[in-house]
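Q: Pasting a structure here, questions to come.
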Amino acid sequence: MSDVRAIANRELFSIVRDTLLEGKSVRVAVRGESMLPFFRSGSTITLRPLREGDIRKYNVVLADAGHGFVVHRIIEVGAEYVTLLGDGNIYGTERVATDKIYGVVDCSPFHIFFAKIWLVLRPFRRFPLAIFRRLM
């Protein structure tokens, strides 16, 4: 008999959201390729509760995008909404109310520097992404 139980992403991230709202950090394994090249499927990230000033461009956040939870990068900040994009995506942004952002991944200045370059390369991402996906 196995102690392993599979749960749906929505249920898992509801628990993660609640834990973040309690003020605790959470480690989760990344699933999928939407954050390539920075986070591969299977890598572990630590989400921590939001602090003042965390909702800013280039930060990676956990948000409820309506269709489900996403861990994507902020590419634009408005008064009440942010626009998110997975690093491994070329299209498919999400517009999310700031009160639907629950946690942030602490990224090093080095990571943020390369994320800025990666964002500028957005129109050309398909070529390096194709290589990354083949190598993974």
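Q: What is the calculated FRET efficiency for Glu22 to Ala97, with r their C-beta to C-beta distance and R₀ = 22 Å, to the nearest 0.05?
A: Details: r = 21 Å, r/R0 = 0.95.
Efficiency, rounded to the nearest 0.05: 0.55.
Q: What order do you get for His72, His111, His67 when you list them from fewest to most C-beta neighbours inside 10 Å? Walk me through the numbers on the way to the answer.
A: Details: His72 25, His111 14, His67 8.
By the 10 Å Cβ count, ascending, the order reads His67, His111, His72.
Q: Could you please rank Ser108, Ser34, placing first whichever residue has the fewest other Cβ atoms within 10 Å of its Cβ?
A: Working: Ser108 8, Ser34 18.
Lowest to highest Cβ neighbour count: Ser108, Ser34.
Q: Can you compute 3J(HN,Hα) from phi for each residue in the stretch 43-54, using the Karplus curve 6.51 cos²θ - 1.76 cosθ + 1.60 with θ = phi - 60°, rounded to whole Hz and x for Gly and Pro?
A: 6, 9, 10, 10, 9, 10, x, 5, 10, 3, x, 6
Q: Moving on to the next point. Could you compute the net charge surrounding Lys24? Neighbours are other residues with a C-beta less than 13 Å from the C-beta of Lys24; K and R count +1, D and E count -1. The partial results should precede the final answer.
A: Values: positive: Arg17, Arg27, Arg48; negative: Asp18, Glu22.
Surrounding charge for Lys24 is +1.
Q: What does the charge add up to near Ile74, with Lys and Arg as +1, Asp and Glu as -1, over the other residues with Cβ less than 10 Å from its Cβ? Please report the intermediate quantities before stating the final value.
A: Details: positive: Arg56, Lys57, Arg73; negative: Asp54, Glu76.
Once positives and negatives cancel, what remains is +1.
Q: While we're looking at this one, here's another question. Once each part is reduced to its C-alpha centroid, what is the distance from the stretch 1-53 to the stretch 71-110 in angstrom?
A: 15 Å
Q: Tyr81 to Phe110: extension gain in nm, 0.36 nm per residue of separation minus the Cα-Cα distance?
A: Numbers: separation 29, 0.36 × 29 = 10.44 nm, distance 2.65 nm.
Using 0.36 nm per residue and subtracting the Cα-Cα distance, I get 7.8 nm.
Q: Next question. Work out how much length Arg122 to Asn9 would gain on full extension: take 0.36 nm times their residue separation and subtract the Cα-Cα distance, in nm to one decimal. Walk me through the numbers on the way to the answer.
A: Working: separation 113, 0.36 × 113 = 40.68 nm, distance 2.74 nm.
Residue separation times 0.36 nm, minus the Cα-Cα distance, leaves 37.9 nm.
Rule-based calculations on the coordinates, nothing more; no lab input. What you see is a predicted model; the values in this text were computed from it and never measured. Reconstructed Cβ throughout: ideal geometry from the backbone, glycine too, with neighbour counts over all protein chains shown.
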